[in-house]
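**Student:** Sharing a structure below in structure tokens format, with a few things to ask.
The values are calculated or read from the model by the stated rules, or taken from the named source; none is laboratory data. All values derive from a computational prediction rather than experimental measurement. Note that we place each Cβ from the backbone using ideal geometry, even for glycine, and neighbour counts take in every protein chain shown.
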Amino acid sequence: MLRVMVVGLGPIGVGCARAVRADAGLKLVGLVDADPGKVGRGILDLTGPPDAAETGGEGLAVVSDIDQVTADADVAVVATTSWLDRVAPQLRKLLGRGVAVVSSCEQMLWPWYAHPVLAKDVDAEAKRAGRALLGTGVNPGYVMDALAVSLSSIVRRVKLVRCVRRGEASVRRRPLQAKIGATLSADEFGALARAGKIGHMGIAESVALLAAGLGCQVPPGSVTVTLEPVLAEQPMQSALGLIEPGQVTGIHNTAQWQNERLRVELDLTMAVGTPDPIDVVELEGPVHVRLKIPGGLPGDSATVAAMINHLRVVHEARPGLLTMLDVPIAGCRGQDPAP
């Protein structure tokens, strides 16, 4: 049975804690969050009434720092931040305790794009500690990057990869709706976008991982990224309140990169009120392949599932700062409780 620590108890972290408790092969041994309003609270106080399958961890209380977790852990779920430089101190503390890590940190998907020097240092520290670190999720981590790489395994030449994701944000968690700017004015959105304080994270990292999976290296800073607001045409409700016509419902985010043999195009819309959600992965070459997922992948539950399914993978993986190209397909490894 793997002993699991969860660091960061927002909606994704809490979802991961619940999933650990519902898996007979996993044991929850630590809860960490820096929010003073969560410190000292128990798991049921955070999650509410458990499902029938959820057991264990009832005696745990949230602590404010990894160092305060007294139990030994084999692997940690880290769901605290999108930036590698901000999560690095947490990674180092966990490595110091001999704990492997699965993280939703978007820049960890391909850490050499935004932080090549830091990524090299963290990789070396992970190798010295003999443990693996992995960034994953649904987007980035799967639907606009790893899935396209996997799909390309059935063709011999690819000249263009195009991934389109149209997501309905009204069914997503409140923090995501805030991150995409729901209820803001267009001017407010623009100011935050220019400051790098709003929008989807990790789209350039998705391009870099996808290209690497097809044998191409994407230099840091070479991906062209655009970020524009989607504006409401009629009133609609969100988790943040009423969105009036002309206010922001979400984002339209694109990324492009190419070299002499490959072009990558990613096109993401994540907004409240998006009609006909869908995920599309398209490969162009001598053979044209188009994969469509009507309704799109369910972002929040899929992110939790990706994290939990990779716990066993990262525990068994070779040491280092790894990517989805370095580990085997996780599959759904959940174990139902004994009857």
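**Student:** Of a type in the set (Val, Ile, Thr) and in contact with a Cys (Cβ under 9 Å, 6 or more places away or on another chain): is that true of VAL248 in this structure?
**Tutor:** Spelling it out, it is not the case that VAL248 is of a type in the set (Val, Ile, Thr) and in contact with a Cys (Cβ under 9 Å, 6 or more places away or on another chain).
**Student:** State yes or no: is GLY196 under 22 Å from the mean Cα position of the chain (by Cα) and either in a helix (DSSP H, G or I) or on the phi > 0 side of the Ramachandran plot (or both)?
**Tutor:** Considered against the rule, which asks whether it is under 22 Å from the mean Cα position of the chain (by Cα) and either in a helix (DSSP H, G or I) or on the phi > 0 side of the Ramachandran plot (or both), GLY196 comes out as yes.
**Student:** If I filter the range 47-68 down to residues being surrounded by fewer than 21 Cβ atoms within 10 Å (Cβ to Cβ) and touching a residue at least 40 places away in the same chain (Cβ under 8 Å), which single residue comes out as farthest from LEU95 (Cα to Cα)?
**Tutor:** In this case the residue turns out to be ALA53.
**Student:** Residue pairs, Cβ under 7 Å, 6 or more apart or interchain, first in the range 153-180 and closer than 16 Å to LYS292 by Cβ and assigned to a helix (DSSP H, G or I), second modelled with pLDDT under 90 and among the aromatic types (Phe, Trp, Tyr). List them.
**Tutor:** none
**Student:** Filter the range 239-281 for residues that are over 27 Å from ALA204 (Cβ atoms) and part of a strand (DSSP E or B) and give the result.
**Tutor:** The answer is GLY241, LEU242, ILE243.
Here is a yes/no grid of residues against (1) surrounded by fewer than 23 Cβ atoms within 10 Å (Cβ to Cβ); (2) out of contact with any Lys or Arg (no Cβ under 7 Å at 6 or more places or on another chain); (3) over 24 Å from VAL327 (Cβ atoms):
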site	(1), (2), (3)
MET5	no, yes, no
LEU28	no, no, no
LEU31	no, yes, yes
GLY42	yes, yes, yes
ASP45	yes, yes, yes
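**Student:** Under the condition of being in contact with a Pro (Cβ under 6 Å, 6 or more places away or on another chain) and over 19 Å from ALA330 (Cα atoms), which residue from the range 69-115 is surrounded by the fewest Cβ atoms within 10 Å (Cβ to Cβ)?
**Tutor:** Looking at the filtered set, the residue picked out is TYR113.
**Student:** What tally of residues in the range 204-224 results from selecting those that are of a type in the set (A, V, I, L, M, F, W, C) and part of a loop (DSSP other than H, G, I, E, B)?
**Tutor:** 4
**Student:** So, in the range 110-127, how many residues would count as being out of contact with any strand residue (DSSP E or B) (no Cβ under 8 Å at 6 or more places or on another chain), in a helix (DSSP H, G or I) and in contact (Cβ under 8 Å) with a residue 60 or more places away in the chain?
**Tutor:** Selection size over the range 110-127: 1.
Condition check ((1) without any contact (Cβ under 8 Å) to a residue 24 or more places away in the chain; (2) within 18 Å of the chain's Cα centre (by Cα)) across all residues:
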{"position": "LEU240", "(1), (2)": "no, no"}
{"position": "GLN256", "(1), (2)": "no, no"}
{"position": "ASN259", "(1), (2)": "no, no"}
{"position": "ASP279", "(1), (2)": "no, yes"}
{"position": "ARG290", "(1), (2)": "yes, no"}
{"position": "GLY296", "(1), (2)": "no, yes"}
{"position": "SER301", "(1), (2)": "no, yes"}
{"position": "ARG312", "(1), (2)": "no, yes"}
{"position": "CYS332", "(1), (2)": "no, yes"}
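**Student:** Scan (1) among the small types (Gly, Ala, Ser); (2) modelled with pLDDT of 95 or more; (3) assigned by TED's automatic domain parsing to the domain that holds VAL264; (4) within 29 Å of MET236 (Cβ to Cβ) for the single condition GLY181 breaks and write down its number.
**Tutor:** Every listed condition holds for GLY181 apart from (2).
**Student:** Would you be able to say whether some residue in the range 283-300 is in a helix (DSSP H, G or I) and not polar (S, T, N, Q)?
**Tutor:** The answer is yes, given that some residue of the range 283-300 is in a helix (DSSP H, G or I) and not polar (S, T, N, Q).
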